[in-house]
Amino acid sequence: NAGVTQTPKFQVLKTGQSMTLQCAQDMNHEYMSWYRQDPGMGLRLIHYSVGAGITDQGEVPNGYNVSRSTTEDFPLRLLSAAPSQTSVYFCASRGEDLSYTQYFGPGTRLTVL
Amino acid sequence: SQELEQSPQSLIVQEGKNLTINCTSSKTLYGLYWYKQKYGEGLIFLMMLQKGGEEKSHEKITAKLDEKKQQSSLHITASQPSHAGIYLCGADPRNSGGSNYKLTFGKGTLLTVNP
């Protein structure tokens, strides 16, 4: 049981490049989400999904796309990277138990030059 | 929208000392999560508090929820270097009043434990 996994761990992009951050969970959780963590800003929700085929915007969705074709995977796409997207990205998932506890992946550290 | 304020922002203690981190909410707390993050790593779930007055402990870490004060505290007894890291509190998504999926986090408390 690997929990929540993310790839890559580190990535450097040039402005305007596109890329996909991968997230997978093996806990059969319906809910998955993406956060970004910036100094002084804390964790902010980008997008989330409540199940396969269903996604919605969080607090800071601009510049990011998501899709959820399977329960296990929830990739985050940067369409045209900007220096403002330099951040650490975390994926999380939670089950349907009443605690609503979210479990986080190890993160992807992204630098956009 | 709900905001969580953590205090202190950073803390340096000598190994063996006790310490407390606070998390204060701008709205009523229905539930509060505590996570720990080591530099360069993900968030590790510590514990969740759901009821006013609830207190939970895990090893040397104790968390309490005071609903009336809209506050939670995290207390570490006899701190060790392994306790070092960033501690984050997160508010139960049911606080958002709408979607129950938007977890709100405080900005974190950086704990350093000197041997």
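The values are calculated or read from the model by the stated rules, or taken from the named source; none is laboratory data. Just so it is clear, the model here is predicted, and its values are computed rather than measured. Don't worry about glycine lacking a Cβ; one is built from the backbone with ideal geometry, like all the others, and counts go over all protein chains shown. Areas reflect the complete protein model, heavy atoms only, side chains present, ligands, DNA and RNA absent. Shrake-Rupley method; radii C 1.70, N 1.55, O 1.52, S 1.80 Å.
Of note:
- Peptide ranges A:9-21, A:56-68 listed from the most packed, as the mean C-beta count within 10 angstrom indicates: A:56-68, A:9-21
- Cα-centred dipole magnitude for the protein assembly as shown, charges only on beta-carbon of K, R (+1) and D, E (-1), debye, nearest 20: 460 debye
- Charge dipole of segment A:23-113 about the Cα centre (unit charges at C-beta), most positive-ward option of A:T71, A:V112, A:Y100: A:V112
- Dipole moment magnitude, nearest 20 debye, segment A:61-113 about Cα centre, only Lys, Arg, Asp, Glu C-beta charged: 240 debye
- Within 10 Å of each Cβ in B:103-113, the average number of Cβ atoms from other chains: 3
- log₁₀ of I(q)/I(0) at q = 0.10, 0.15, 0.18 Å⁻¹ - chain A, Debye sum with one point per alpha carbon: -0.26, -0.58, -0.84
- Local electrostatic count, A:D73, Cβ distance below 14 Å [Lys/Arg +1, Asp/Glu -1]: -1
- Mean projected area in nm² (Cα convex hull; one quarter of hull surface) for the protein assembly as shown: 12.2 nm²
- Longest to shortest principal axis, alpha-carbon extents of chain B, angstrom: 46, 30, 21
- Candidate residues B:Y30, A:Y89: accessible-area rank, largest first, probe 1.4 Å: B:Y30, A:Y89
- When the pairs A:K14/B:K36; B:K64/B:K107; B:K17/B:K107; A:K14/B:K27 are compared against a 30 Å limit on Cα-Cα distance, A:K14/B:K36; A:K14/B:K27 fall above it.
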